[in-house]
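Worksheet: one structure, shown below.
The values are calculated or read from the model by the stated rules, or taken from the named source; none is laboratory data. Values in this document were obtained by computation on a predicted structure and should not be read as measured data. Here Cβ is always computed from backbone atoms with ideal geometry, including for glycine, and neighbour counts include all displayed protein chains.
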Amino acid sequence: MIPSLKEDCSQCAALCCLALSIDRSEHFAIDKPAGVPCPNLDGHHCKIHRWLRVEGFSGCTVYSCGGAGQRVTQELFAGQSWRDDPALTVPMMEAFRGMRAIQDRLAILIAAQENLPLDAQDQATVSEMIGWLLPDAVDFDVVRFFPGSVREGEIDLFLPGLRRYVQR
């Protein structure tokens, strides 16, 4: 089953609000290091969600994890949260980093499969690579170590070759 490539915050443990660092700018009203929960969090919900732009957090309104947050929370941690068990903080952050990389590549591979007139060999390669990234094929270690892995490298080497299918 292909996982959603769209975020579902109701199925996540606010991983973006924990794992990502933010720098004070026109898009963020504060500096926040990775690993420190956003001060606007109330449990797993944003206290100022309805007023993010007004409060100086327009960057939050346009961010998408591409479904990585809910995959980590639900698939890898069975709905558990770093809020309930602080020992999960670092593992969930590591998994979120890896799952974002997985979801980014999965989105590109699916778009290629659905929208490009791939020849049989490239179609088979895309299908195989998609299979590498599906829920049944990944566990915590696969996700955590995906950035910089052989599989990530193979995908990243393959994708530029698909340019030949794009009309200019």
In this structure, does Ala137 turn out to be touching a residue at least 12 places away in the same chain (Cβ under 8 Å) and either among the β-branched types (Val, Ile, Thr) or out of contact with any Lys or Arg (no Cβ under 6 Å at 6 or more places or on another chain) (or both)?
no
Out of Ser4, Ser21, report the one residue that is within 17 Å of the chain's Cα centre (by Cα), closer than 26 Å to Glu128 by Cα and hydroxyl-bearing (Ser, Thr, Tyr).
Ser4
Inside region 30-55, can you point out the residues that are at pLDDT 95 or above and small (Gly, Ala, Ser)?
Ala34, Gly35
May I ask you to list the residues in region 27-71 that are among the basic types (Lys, Arg) and either surrounded by 14 or more Cβ atoms within 10 Å (Cβ to Cβ) or part of a loop (DSSP other than H, G, I, E, B) (or both)?
Lys32, Lys47, Arg53, Arg71
Can you tell me which residue in region 142-168 is surrounded by the most Cβ atoms within 10 Å (Cβ to Cβ), limited to those that are over 16 Å from the mean Cα position of the chain (by Cα) and within 26 Å of Gln70 (Cα to Cα)?
Ile155
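May I ask you to verify whether Arg164 is of a type in the set (Lys, Arg) and within 29 Å of Ser21 (Cβ to Cβ)? Spell out the reasoning first.
Working: of a type in the set (Lys, Arg): yes; within 29 Å of Ser21 (Cβ to Cβ): no.
Here the answer is no, as Arg164 does not meet what is asked.
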List the helices (runs of 4 or more DSSP H) that sit entirely inside region 87-162 and contain at least 2 residues that are of a type in the set (S, T, N, Q) and within 28 Å of Pro33 (Cβ to Cβ).
89-115
Taking the stated definitions as given, is Asp104 free of Cβ contacts under 8 Å to residues at least 24 places away in the same chain and either under 20 Å from the mean Cα position of the chain (by Cα) or over 23 Å from Pro3 (Cβ atoms) (or both)?
no
Inspect region 38-48 for any residue being of a type in the set (Asp, Glu), without any contact (Cβ under 8 Å) to a residue 60 or more places away in the chain and over 19 Å from Ser81 (Cα atoms) and give the result as yes or no.
no
Taking the criterion of being within 17 Å of the chain's Cα centre (by Cα), farther than 24 Å from Cys12 by Cα and small (Gly, Ala, Ser), would at least one residue in region 113-133 satisfy it?
no
